[in-house]
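Remarks on the structure that follows.
FYI, it's all coordinate maths here, none of it is from the lab. It should be emphasised that the depicted structure is a prediction, and the values quoted were computed from it without experimental measurement. Cβ: placed from backbone, ideal geometry, glycine included. Neighbour counts: every protein chain shown.
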Amino acid sequence: MKKGFDVKDLINVGVFTALYFIITFAVGCIGFVPVLMVFVPFLVPIVGGIPLMLYFSKIKHFGMITITSVILAILFFVTGHPYPIFIFCIAAGLITEFVLKAGNYESIKCCVIGSSTFSLWLLGMVIAFFFSFRENYFNSLISGYGEAYAETLMAWTPTWVFFAMIAMCLVGGLIGGLLGVKVLKKHFRKAGMA
């Protein structure tokens, strides 16, 4: 395990964070169809699994995922997501840091689990549909997306759906991680991971 950041680490953080943001943003656009918005927490981790697993194979010390999660939180906040995105991104990043550290940054199994835990940041994108945020958020949607969109999304997101989305994040992240391992098997072997 390497100590301290070097230029290569910072380049990896920048490149993979940008790539992951672009993929997440692109897949998240299916949410313009309100019925499909419910499945964003499942689909994003599957599609993002390959670049995320490639990124994990390049991490050799604590802190890189946390930096990524902070940058993602800032990017999604400035693109219109509510402030809880910071809480969910940073929490998911820290949990994932400890998961990867538990495998000494060399365990494929820990990387797959990390893909699953990291996906929980997506809850910060959808939390506004639920609980005390709900009414204000849906009222704010009407001016930008129209009343039909807001009403359809509201109908598809009763409170219990939030808990289903937690499961979707974890399962989608697991599938994405396993897919990433399958596609990048040679790369993981070359990186000395088992």
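The table for this structure:
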read-out	value
GNM flexibility winner over the chain from Met53, Met168, Met37 (Cα, springs under 10 Å)	Met37
Linear extension gain, Ala148 paired with Leu94, 0.36 nm per residue minus alpha-carbon span	15.6 nm
Value of relative contact order over the range 7-190, rounded to a whole percent, pairs C-alpha under 8 Å and six or more apart	31
FRET efficiency for Arg189 and Thr79, using Cβ-Cβ distance with R0 set to 35 Å, rounded to 0.05	0.40
Rounded FRET efficiency, nearest 0.05, which uses the C-beta distance separating Asp6 from Ala102 and R0 of 25 Å	0.60
Computed lengthening from Lys109 to Lys182, 0.36 nm per intervening residue step minus Cα-Cα distance	25.0 nm
Given Lys8/Lys109; Lys58/Lys185; Lys58/Lys109; Lys109/Lys182; Lys60/Lys109, the pairs whose alpha carbons are separated by over 19 Å	Lys8/Lys109
Mean-position separation - Cα centroids, the range 126-191 and the range 19-93, in angstrom	10
Per-pair calculated FRET efficiency, R0 = 22 Å: Ile87 and Phe32 via Cβ, rounded to 0.05	0.30
Whole-angstrom Cα spans of the chain along principal axes, big to small	53, 28, 24
Cα-based shape type of the range 94-138, given that a ≥ b ≥ c are square roots of the gyration tensor eigenvalues and the cut on a/c is 1.5	prolate
